[in-house]
Amino acid sequence: MRTEWAGASMTTPPISAPYEATVGASARAMAGFELVANSDPEKVARIVLAVAGLDDPPLRLLVGSDSYEYGREAWRHRLESDEQWEAPSRSADHDEAGEAGQEQRGRSLPGLDA
């Protein structure tokens, strides 16, 4: 979003060697981002206020084309990883679990078919 959050108003102290690969990389990536970010803060505010007034607001809201693309890509990676580890994940169920877990999932996550 085009704000001053990571712009001229933000100063980064010297980064020590152990943190250069992570903190340093993040600081460099954010440098100048406020000049090229896609999202307009005023438009974001209008969307957030409109969604906040909904009877059934979304659990997540990807505002801005960049956020939408990043969010979708991250979700795709999570799904791929979950699918890769499905067998060991499911193997942890108790031998007598049966359908009770499915019924509980439906109660814990309203609107999700068990």
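Values quoted throughout were computed directly from the atomic coordinates according to the rules given, and no laboratory measurement underlies them. Because the structure is a prediction, the values reported are computed rather than measured.
Data table
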| item | result |
| --- | --- |
| Surface/4 of the Cα convex hull for the stretch 1-81, nm² | 7.5 nm² |
| Relative contact order, percent, the stretch 1-71 [alpha-carbon distance under 8 Å, six or more residues apart] | 37 percent |
